[in-house]
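Worksheet: one structure, shown below.
The values are calculated or read from the model by the stated rules, or taken from the named source; none is laboratory data. For clarity, every value in this text was computed on a predicted model and none was experimentally measured. Don't worry about glycine lacking a Cβ; one is built from the backbone with ideal geometry, like all the others, and counts go over all protein chains shown. To get the accessible areas, we keep the full protein, side chains included, count just its heavy atoms, and leave off ligands, DNA and RNA. Shrake-Rupley method; radii C 1.70, N 1.55, O 1.52, S 1.80 Å.
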Amino acid sequence: MRKVLMTHVLSPKTHQWLYSKRVEEGDHLVHYVYNQCKKSMHQGGIVNLRTAAQHYCANVTRKMTFNKRFFGEGMKDGGPGFEEEEYVDALFSCLNHIYAFCISDFLPSLIGLDLDGHEKVVMENLRIINKYHDPIIDERVQQWKDGTKKDTEDWLDILITLKDPDGNPLLSKDEIKAQITEIMIAAVDNPSNACEWAFAEMLNQPEILEKAIEELDRVVGKERLVQESDFAHLNYVKACAREAFRLHPIAPFNPPHVSVADTTVANYFIPKGSYVLLSRLGLGRNPKVWDEPLKFRPERHLDEMDKVVLTENNLRFISFATGKRGCIGVTLGTSMTIMLFARLLQAFTWSLPPRHSSIDLTIAEDSMALAKPLFALAKPRLPPYLYPGY
Ligand code: HEM
């Protein structure tokens with residue numbers, strides 16, 4: 001399945017082919033936030049950056065998968081409707097349970113007893129996700145079967161039309177459904193969490209915010225919106241995102257791996273069959289590797305690399321991880337993170353909400369997200385004709 005996804009769904013060619021869908025969602029993000037400011041153009045509008053970021057990620061992934069932004073009608077201002085809210089909440093509940101300790105993961109004979117109640121929660125959330133996916137997938141499979149669909153427009157079409165060497169469908173409908181759920185869960189959390197944390201840190205250190213905006217003005221200017229082709233020149237903006245991944249990973253651990261052979265790492269003997277959990281926090285905040293590890297300081301990355309990237313193959317922190325099971329969505333994940341972050345930075349002036357002297361950086365109790373969704377005051381900073389209106 002990893003090979004299928006890498007070769008056909010997340011290949012450089014498919015990434016390029018779906019470029020216009022990502023552009024549409026980058027524009028839609030600006031449109032949605034602009035609408036929050038419309039109530040008072042001079043005073044600006046209070047924006048829930050968590051909602052904007054999470055739903056941008058879900059919109060991009062839905063557009064690339066199903067060729068549609070919303071399952072339902074959405075809201076008039078471009079925001080998520082009930083269906084999208086319910087769906088994204090279900091994705092995050094599943095994600096939280098991927099990392100949760102569950103006794104039957106270690107004693108499979110207990111599966112079904114649901115001693116910690118996780119099975120019930122995950123089943124319920126998968127039911128919600130499937131409620132939205134299944135009718136679309138079922139209908140599309142039928143359309144290809146009866147010949148009413150002929151053009152490949154999105155990932156779903158790609159998965160349906162893959163053939164084995166005998167010319168038969170490579171994937172069953174159930175396999176397609178499972179892969180799509182996997183992709184949705186994989187793509188939604190990291191870019192949105194990094195962006196929210198970067199903004200929270202930068203609102204508390206406005207000189208960093210100013211430097212990022214200065215770079216965007218220098219590289220892109222104020223006569224057009226930032227595009228993917230600009231990313232190569234946005235080293236400071238990328239360093240801010242990279243710093244957010246280092247200091248504020250979405251989860252405390254990498255997904256569990258099991259060692260396939262006896263080995264020794266840093267003088268520790270690790271027997272074959274061990275559960276290996278890499279601590280994302282322990283690596284990213286290791287004082288032996290990082291100077292002032294708890295400080296949000298993007299400059300540290302500029303000091304050590306000419307071209308800043310979000311990957312870290314030496315595992316000095318974990319963004320996409322590396323190796324045989326490393327993330328296969330690096331190109332897309334990078335482009336989603338930078339587009340989300342750069343568009344918000346370029347198109348709006350951000351400041352603390354009224355009556356706040358700083359952002360509270362407390363971490364949530366049940367995840368590594370900010371304890372409370374980030375709200376900030378946004379004011380448009382580009383000429384009005386640049387804000388996409390529909
Ligand atoms: C900034 C964005 C992203 C980050 C930081 C990220 C990070 C990660 C990490 C840490 C893993 C686990 C690696 C391991 O087990 O060692 C992973 C796995 C994975 N990611 Fe991503 N990811 C991102 C975006 C995406 C996107 C957009 C997709 C696809 C649409 C994706 C698809 C996957 C898949 C399929 C796996 C499982 C690979 C396997 O087990 O072989 N990721 N990702």
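Descriptive notes on the structure:
- Taking (1) at pLDDT 95 or above; (2) in contact with a Leu (Cβ under 7 Å, 6 or more places away or on another chain) in turn, ALA186 satisfies each apart from (2).
- Some residue of segment 210-224 being open to solvent by less than 20 Å² (accessible area, probe 1.4 Å) and under 19 Å from the mean Cα position of the chain (by Cα): no
- Under the condition of being small (Gly, Ala, Ser), away from the ligand (no atom under 16 Å from the Cβ) and under 19 Å from ARG343 (Cβ atoms), the residues counted in segment 1-49 number 3.
- Checked against (1) more than 16 Å from the ligand (Cβ to nearest atom); (2) within 19 Å of HIS248 (Cα to Cα), GLY333 passes all but condition (1).
- Any hit, segment 102-119, residues being touching a residue at least 40 places away in the same chain (Cβ under 8 Å), polar (S, T, N, Q) and more than 29 Å from LEU281 (Cα to Cα): no
- Within segment 303-338, being part of a helix (DSSP H, G or I), touching a residue at least 12 places away in the same chain (Cβ under 8 Å) and open to solvent by 60 Å² or more (accessible area, probe 1.4 Å) holds for one residue alone: THR331.
- Of all residues in segment 1-29, those that are closer than 28 Å to LEU344 by Cα have Cβ atoms under 6 Å from Cβ atoms of residues that are within 12 Å of the ligand (Cβ to nearest atom) and not in a helix (DSSP H, G or I), 6 or more apart or on another chain, in LEU10/ILE328; LEU10/GLY329.
- Of the residues making up segment 69-82, at least one is part of a helix (DSSP H, G or I), surrounded by fewer than 19 Cβ atoms within 10 Å (Cβ to Cβ) and without any contact (Cβ under 8 Å) to a residue 12 or more places away in the chain.
- Single residue of segment 178-209 satisfying the filter (among the charged types (D, E, K, R) and open to solvent by 40 Å² or more (accessible area, probe 1.4 Å)) that is nearest to HIS233 (Cα to Cα): GLU207
- Odd one out for SER259 among (1) hydroxyl-bearing (Ser, Thr, Tyr); (2) farther than 28 Å from SER93 by Cβ; (3) within 14 Å of the ligand (Cβ to nearest atom); (4) at pLDDT 95 or above: (4)
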